[in-house]
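Report on the following structure.
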Amino acid sequence: MGSPVSFDYAPAPESRAVVSIKPKYGHFIGGKFVAGSKHFPTINPATEEVLSQIALAGKAEVDAAVKAARKAYTTTWSKMSGKERGKYLFRIARILQERAREFAVLETLDNGKPIRESRDVDIPLAAAHFFYHAGWADKLEFAGLGTSTKPHGVAGQIIPWNFPLLMLAWKIAPALAAGNTVVLKPAESTSLTALLFAEVCQQAELPAGVVNIVTGDGSTGALIVNHPGIDKIAFTGSTEVGKIIARAVAPTPKSVTLELGGKAANIIFEDAAIDEAIEGIVNGIFFNQGHVCCAGSRLILQENIAEEVLDKLKKRMSKIRVGDPMDKNTDLGAINSKEQLLKIRELSASGDAEGAQRWSAPCELPTKGFWFAPTIFTGITQSHRIAREEIFGPVLSVLTFRTPQEGIDKANNTPFGLSAGIWSEKGSRIFWASQQLRAGVIWANTFNKFDPTSPFGGYKESGWGREGGRHGLSAYLKGVGHE
Amino acid sequence: MSFYGLVDGSEASLKNYLGSLSGVDQVGADERAAMLATRSIKTTSKRWAIDTAISMVDLTTLEGADTPGKVQALCTKAVRPDPTDSSIPSVGAVCVYNDMVAVARKHLDLVGGAHVGVAAVSTAFPSGRASMPVKIQDTRDALDAGASEIDMVIDRGAFLSGDYIGVFNEIVQIRELCGTRAHLKVIFETGELVTYDNVRKASFLAMAAGADFIKTSTGKVAPAATAPVVLVMLEAVRDFYQMTQTRIGVKPAGGIRNTKDAIKQLVLVNEIAGPEWLTPSLFRIGASALLNDLLMQRMKMDDGYYASPAYVTID
């Protein structure tokens, strides 16, 4: 027999030769890359290696970007037929597919997520969003939103670091399809794929100024939100920042959509298909290191199967492969930033302090970079902080229930309402439960499934408005009515 | 027999036992199998996997045209898959119809393959449509001829009509007949059972009835050993071990033709049942063409290029 005594998978790293990262980046304004004034580093969270210097946009840059977007809107994009706009979107979608490997590698380097996920989820879905919305561009009158809809004009878009390119696609594709031009700011820790996307816009010969990308931190975001030249704000991120934005735009004529935090319940009924439910739990909370606003971070288990499910879950978690995100066999990559890691640690420590039982999968964590082992907390009640606050990391809080109604009540007892999961082999129970749950997205016998045709968004503190599908399209149009 | 204390041999107890199993969600099972198929197995792991897979092959010929000459050639290959490289392990067993068992046993012993088993397909293979006395005689012939493993088929008609106790009793009788003389593999023909719920149910039924191995297919019906079906069976043996502390083996058969497919099977074993199952005594692959592809991939790893098929034997 060969050398290893067991089936330990040898390293299977994806090559990073496919990407070339510049030492320093500027902004993408009016179809051109313009130099930035101040810069800050962006790092690979798996190694803490500095990948590049990212420009920090101030007032001048944001003004220039909004001006370029306005000019493109008035002179070109609003005058162009839907059919022509659609051609550009189709072109962008195809280029994303052609350059998928490059985007996947760059996303993994900058974000820390496993290459398997950027390759199989993020990039294909981003392309799918452009394809889907390309199809709508010349059919807006037939979207059931009324025949006299108009674009808002210039959209200011601020996106998070958990799915950098995918969130860019969720924002830019519908905005452009509906006839808006955009000023987009990627998250400060993950700007690289947005800047590569700017190259795609050039490659697609998108008219100058239709897409403008300015990089920076929260101060840049505030400049966009408060800019008088912007007609619509779209934000994905924390509830805390969402509230600040809501206050800021309240006295203005700006339209706003917010996609915020979550503390989703994944409810497992006694008649569930247990092995698939285990996969759903794992996918629900450990997908993308738990950096998912709709993550199934509260496992709500029927008490009579709790022991069996937890036993199987722990065994399954022991198989999760944590480590080098560039390895094709890695399941759980790096935490995106030191700041986020500290937040996860702090909230987990509160679980310990409040008497919950912590169990982490036995795995060796790399010494460099930011890492957190897949973890569950049992003995959780509604009154524990980790049952209420969003951790945004690979940490699952486990609660139990006795009757279906109690399960629903616990699931709904949260200020959030982005998503929920129901696991049962009984159809009537699935329909009953889904009608009771106050969440924008409900998955039955699956979790974390996304599709451009399906509207996504939350109840309560999880946000305003929907993204994806016809509902998402309507957020980028005014005069929406039913005729 | 005690049936591990799970059933008492009555129809009611069997019904109760099978009724306690959780369902299988098809979409979820397919998805899990597809995800595990993306595992990238390279360098030293690939080398280990190829040799392990070779040692797990049940090298099979099940044709109307089988002759002593054909079976003898197969047996020689089973012992020394590549006559030019003695570091390659022998396969797990040869698998033949019961009239070829004596030929196979004799020839294996002759060519230094006493350690290679002879598996006989039995109980009116492949359809299982015969009276019980015929099935018993079929098995007895194989055992008397020296079979060390019996691959019996279940009566799918009985299973699909809900006559679980009938299927159970057939397995019990064949199990008794095999005694300590032979390992019993129970073939479900999953392509005819169709649903994963049925596969899970058949797995638990066969294990309680005394199967040493559960096997997907005869090789005569497609689809056969698809990844999700094997996944469901591996979950079953894993759960059965939790219940009884007994490890039952799994044998996918049919449709596994190349190294990539075989390695995917080993990944399933590793991540679903666990590494304890990565041994020929608990995992076999029923195949014929697969062996040559494994040999060619092995050569490629040594030499750095793909050899012409002329460098592997066609036996």
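The values are calculated or read from the model by the stated rules, or taken from the named source; none is laboratory data. Everything numeric in this text was worked out from a predicted model, so none of it was measured. Note: ideal-geometry Cβ built from the backbone for every residue, glycine included; neighbour counts use all protein chains shown.
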TODO: Identify, by number, the condition in (1) surrounded by fewer than 18 Cβ atoms within 10 Å (Cβ to Cβ); (2) within 23 Å of B:F204 (Cα to Cα); (3) of a type outside the set (S, T, Y) that B:K260 doesn't meet.
DONE: (2)
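Please indicate, with yes or no, whether at least one residue in segment B:55-66 is within 11 Å of chain A (Cβ to nearest Cβ) and either within 21 Å of B:P252 (Cβ to Cβ) or modelled with pLDDT under 95 (or both).
yes
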Task: segment A:241-293 - residue that is among the charged types (D, E, K, R) and within 14 Å of chain B (Cβ to nearest Cβ) and, of those, nearest to A:F372 (Cα to Cα) - done: A:E279
- [ ] Would you mind stating whether B:V94 is part of a strand (DSSP E or B) and touching a helix residue (DSSP H, G or I) at 6+ places or on another chain (Cβ under 6 Å)?
- [x] yes
Task: Failed item in (1) closer than 19 Å to B:G28 by Cβ; (2) in a loop (DSSP other than H, G, I, E, B); (3) of a type outside the set (D, E, K, R), with A:G417 passing the rest - done: (1)
Open item on the list: Out of the residues in segment A:344-363 meeting the condition of being of a type in the set (S, T, Y) and closer than 19 Å to A:M317 by Cβ, tell me which one is nearest to the chain's Cα centre (by Cα).
Closed with: A:S348
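Please verify whether B:D99 is of a type in the set (D, E) and modelled with pLDDT of 95 or more, treating the condition exactly as stated. So that I can check it myself, show each step before the final result.
Working: of a type in the set (D, E): yes; modelled with pLDDT of 95 or more: yes.
Considered against the rule, which asks whether it is of a type in the set (D, E) and modelled with pLDDT of 95 or more, B:D99 comes out as yes.
Taking the residues in segment A:1-20 that are more than 12 Å from every other protein chain (Cβ to nearest Cβ) and touching a helix residue (DSSP H, G or I) at 6+ places or on another chain (Cβ under 7 Å) as candidates, determine which candidate is surrounded by the most Cβ atoms within 10 Å (Cβ to Cβ).
The qualifying residue surrounded by the most Cβ atoms within 10 Å (Cβ to Cβ) is A:V19.
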TODO: Inspect all residues belonging to segment B:285-295 and state whether any of them is modelled with pLDDT of 95 or more and within 14 Å of chain A (Cβ to nearest Cβ).
DONE: yes
Task: Which numbered condition A:F40 fails, given (1) surrounded by fewer than 17 Cβ atoms within 10 Å (Cβ to Cβ); (2) of a type in the set (F, W, Y); (3) within 14 Å of another protein chain (Cβ to nearest Cβ) - done: (3)
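Yes or no, residue by residue, for (1) of a type in the set (D, E); (2) within 16 Å of the chain's Cα centre (by Cα); (3) buried (at least 17 other Cβ atoms within 10 Å of the Cβ):
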| residue | (1), (2), (3) |
| --- | --- |
| A:R388 | no, no, no |
| A:G407 | no, no, yes |
| A:G427 | no, no, no |
| A:F431 | no, no, no |
| A:S462 | no, yes, yes |
Open item on the list: Restricting to segment A:21-37, give me the number of residues that are surrounded by fewer than 18 Cβ atoms within 10 Å (Cβ to Cβ) and of a type in the set (S, T, Y).
Closed with: 1
Open item on the list: So for segment B:68-75 (the condition being without any contact (Cβ under 8 Å) to a residue 24 or more places away in the chain, within 26 Å of B:Y311 (Cα to Cα) and within 14 Å of chain A (Cβ to nearest Cβ)), does at least one residue qualify?
Closed with: no
- [ ] Kindly indicate whether B:V96 is more than 14 Å from every other protein chain (Cβ to nearest Cβ), touching a strand residue (DSSP E or B) at 6+ places or on another chain (Cβ under 8 Å) and not hydroxyl-bearing (S, T, Y).
- [x] yes
TODO: Taking A:L260 as the residue in question, decide whether it is hydrophobic (A, V, I, L, M, F, W, C), surrounded by 22 or more Cβ atoms within 10 Å (Cβ to Cβ) and closer than 30 Å to A:V34 by Cβ.
DONE: no
TODO: Name every residue in segment A:464-482 that is within 17 Å of A:I158 (Cβ to Cβ) and surrounded by fewer than 23 Cβ atoms within 10 Å (Cβ to Cβ), in order of residue number.
DONE: A:W464, A:G465
- [ ] Being within 7 Å of chain A (Cβ to nearest Cβ) and crowded, with 16+ Cβ neighbours inside 10 Å is the filter; apply it to segment B:15-28 and report the residue that is nearest to A:P11 (Cα to Cα).
- [x] B:G28
TODO: Go through (1) over 26 Å from the mean Cα position of the chain (by Cα); (2) farther than 18 Å from A:T446 by Cβ one by one and return the number of the condition A:M317 breaks.
DONE: (1)
Open item on the list: From the list B:V267, B:V230, B:V250, exactly one residue is of a type in the set (V, I, T), under 21 Å from A:I320 (Cα atoms) and touching a strand residue (DSSP E or B) at 6+ places or on another chain (Cβ under 9 Å). Which is it?
Closed with: B:V230
Open item on the list: Being under 19 Å from B:T38 (Cβ atoms), without any contact (Cβ under 8 Å) to a residue 40 or more places away in the chain and of a type in the set (V, I, T) is the filter here; which residues of segment B:231-264 pass it?
Closed with: B:I256
- [ ] Please go through segment A:205-222 and pick out each residue that is among the aliphatic types (A, V, I, L, M), more than 14 Å from A:A72 (Cβ to Cβ) and surrounded by fewer than 23 Cβ atoms within 10 Å (Cβ to Cβ).
- [x] A:A222
- [ ] Collect the residues in segment A:118-156 that are more than 14 Å from every other protein chain (Cβ to nearest Cβ), surrounded by fewer than 20 Cβ atoms within 10 Å (Cβ to Cβ), of a type in the set (A, V, I, L, M, F, W, C) and assigned to a helix (DSSP H, G or I), keeping them in residue-number order.
- [x] A:L125, A:F131, A:F142
TODO: Considering only residues that are touching a residue at least 60 places away in the same chain (Cβ under 8 Å) and of a type in the set (S, T, Y), look in segment A:71-103 and name the one that is farthest from A:L196 (Cα to Cα).
DONE: A:S78
Task: Test for B:A104: is it within 14 Å of another protein chain (Cβ to nearest Cβ), surrounded by 15 or more Cβ atoms within 10 Å (Cβ to Cβ) and touching a helix residue (DSSP H, G or I) at 6+ places or on another chain (Cβ under 7 Å) - done: no
Open item on the list: Can you report the number of residues in segment A:329-362 which are under 23 Å from A:P11 (Cβ atoms) and in contact with a Lys or Arg (Cβ under 6 Å, 6 or more places away or on another chain)?
Closed with: 4
TODO: Could you tell me which numbered condition A:Q302 fails, if it satisfies all but one of (1) crowded, with 24+ Cβ neighbours inside 10 Å; (2) within 14 Å of chain B (Cβ to nearest Cβ)?
DONE: (1)
Task: Pairs where the first residue, in segment B:8-33, is touching a residue at least 24 places away in the same chain (Cβ under 8 Å) and the second is basic (K, R), C-beta under 7 Å, 6+ apart - done: B:L18/B:K201; B:L21/B:R200; B:L21/B:K201; B:V24/B:R200
Task: Matching residues in segment B:29-49 - criterion: being surrounded by fewer than 20 Cβ atoms within 10 Å (Cβ to Cβ), facing another protein chain (nearest Cβ under 7 Å) and of a type outside the set (G, A, S) - done: B:T38, B:K42, B:T43, B:T44
Open item on the list: Every residue in segment B:141-180 that is touching a residue at least 12 places away in the same chain (Cβ under 8 Å) and either assigned to a loop (DSSP other than H, G, I, E, B) or at positive phi (or both), please.
Closed with: B:A145, B:G146, B:A147, B:S148, B:I154, B:D155
